[in-house]
Amino acid sequence: MIINTISQNEIVSIIMYVFIAFVLMTLLLIFFYYFSTKKINRIQLENKDIEISYQKELINSVLLTQEAERKRIAQDLHDDISSKLNIISINAHLLETAVLNEEERIKIAATIKQYAKFVAEDSRRIAHDLLPPVLQKFGLDAGIEGLCSELSNLKSLNIDYKNDVVFDIKDNDKHLHVFRIIQELINNSIKHGEAKNITINFSKKEDLIILNYVDDGKGFDTEIIDNQKGLGMKNIDSRITFLNAEMQIKSAVNKGVHFIIDFRI
Ligand SMILES: Nc1ncnc2c1ncn2[C@@H]1O[C@H](COP(=O)(O)OP(=O)(O)O)[C@@H](O)[C@H]1O
Ligand SMILES: [Mg+2]
């Protein structure tokens, strides 16, 4: 028999070899486990870093937008309000101090009344630009309806707005983000896309609200949009994060744009 021909020494060395092979395999497994967990940890840390720098970029874009907005308001107040109030003040001073005939007095009083009217109109416009009163009083649907009809009157632009969702006015803080996103999308369709037609549509799928925004303008290459995002698109990204929403962008050069935004409120 073969078994009988194997000497005791050979059996011992076979056992030794098997044992050494087993120990080597265990060591190999331990090394493999150690290095793979180290690699996983490193990847997780890198992902965290990317996430943190993205959050920083979002915060930065919010701050920059705020600054740009302040600058615009300051300019509006300076150009539209202060200068007119100065004219009113000079004319009121003239009324008090100068020796005037009846005709001159009436003319100066008329100028004061006219400029007071301008100031009232300008301050109403500035307040309206900051926060449309319709949005505040009647909610998102009325706010967008108002925005669309204002813009359709002003530009050679057709906006088709449809809404199947009832927006509760108590969630107006969140709705303001949606309103600002739509405002920026329309600005971009006019400024960059030179679009003639825009479609805005809200629909509902269970508790998910879906916003479809389409224009027929110049469009852009979605592969490179990430590198081209300006303050406007970055600001949209931060509002999407605030809303816990998802945004899909479909576009191609000369094929218009299609934004799909899903959110829950
Ligand atoms: N509706 C659109 N049609 C064509 N291009 C667009 C549109 N929306 C955005 N873009 C492109 O995306 C870029 C970034 O937009 P945005 O971040 O809003 O910048 P900006 O502050 O200059 O408006 C634009 O320069 C433009 O190339
Ligand atoms: Mg823009």
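Phi angles across the range 190-205 convert, under the Karplus curve 6.51 cos²θ - 1.76 cosθ + 1.60 with θ = phi - 60°, into 3J(HN,Hα) values of 6, 6, 9, x, 6, 6, 9, 10, 10, 10, 10, 9, 9, 9, 10, 10 Hz, Gly and Pro given as x.
Across the chain, Cα pairs under 8 Å and at least six residues apart give a relative contact order of 14 percent. Across the range 70-193, the relative contact order, built from alpha-carbon pairs under 8 Å that are at least six residues apart, equals 20 percent.
From the helices alone, meaning DSSP H stretches of at least four residues, give me the mean residue ellipticity at 222 nm for the chain, per-run term -39500 (n - 2.57), in deg cm²/dmol to the nearest 500. Mind showing how you got there, number by number?
Working: 9 runs with 174 residues, N = 265.
The helix-only estimate for the chain comes to -22500 deg cm²/dmol at 222 nm.
Taking a straight Cα-Cα cut-off under 15 Å and skipping sequence neighbours fewer than 8 places away in the same chain, the aspartates and glutamates within cross-link reach of K229 are E57, E184, D221, D237.
Hey, what's the chain come to in accessible area per residue, 1.4 Å probe, Å²? Provide the component values of the computation, followed by the final result.
Details: 18610 Å² over 265 residues.
Per-residue value: 70 Å².
Compactness of the chain, taken as the C-alpha radius of gyration over 2.2 N^0.38 Å, stands at 1.84.
Projecting the Cα atoms of N172, A142, I108 onto the charge dipole of the range 84-217 (Cβ charges, centred on the Cα centre) puts I108 farthest toward the positive pole. Applying the criteria of a DSSP loop state and at most 11 other Cβ atoms within 10 Å to the trypsin sites (Lys or Arg not before Pro) of the range 146-219 yields no site. The alpha carbons of the range 209-262 occupy a box of 31, 24, 15 Å along the principal axes, longest dimension given first.
What number in nm² do you get for the range 140-265 if you take the convex hull of its Cα atoms and divide its surface by four? Spell out each step's value before the answer.
Values: hull surface 29.0 nm².
In nm², the orientation-averaged hull projection of the range 140-265 is 7.2.
Charging the Cβ of each Asp and Glu at -1 and of each Lys and Arg at +1, and nothing else, the dipole of the chain about its Cα centre rounds to 240 debye.
What percentage of the solvent-accessible surface of the chain, computed with a 1.4 Å probe over protein heavy atoms, is contributed by carbon and sulfur atoms?
About 59 percent, which is the carbon plus sulfur part of the accessible surface.
Dipole magnitude for the range 1-150: about 500 debye, using +1 per Lys or Arg Cβ and -1 per Asp or Glu Cβ, origin at the Cα centre.
Look at the alpha carbon pairs under 8 Å that are at least 6 residues apart: their mean separation over the length of the range 120-265 gives a relative contact order of 21 percent. In the complete set of protein chains, residue-level accessible area for R239 is approximately 50 Å², probe 1.4 angstrom. Rounded to the nearest 10 degrees, the inclination of helix 140-154 to the longest alpha-carbon principal axis of the chain is 60 degrees.
Just in the range 117-207: which GluC sites (Glu not before Pro) are loop by DSSP and have at most 10 other Cβ atoms within 10 Å?
Numbers: sites: E121, E145, E150, E184, E194, E206; in loops: E194, E206.
Taking the range 117-207 and a limit of 10 other Cβ atoms within 10 Å, the loop GluC sites (Glu not before Pro) found are E206.
The values are calculated or read from the model by the stated rules, or taken from the named source; none is laboratory data. As the structure is a computational prediction, the values presented were derived from the model and not from experiment. So basically every Cβ, Gly included, is an ideal-geometry build from the backbone, and we count neighbours across all protein chains shown. Heads up: the accessible areas ignore ligands, DNA and RNA and are worked out on the full protein's heavy atoms, side chains in. Shrake-Rupley method; radii C 1.70, N 1.55, O 1.52, S 1.80 Å.
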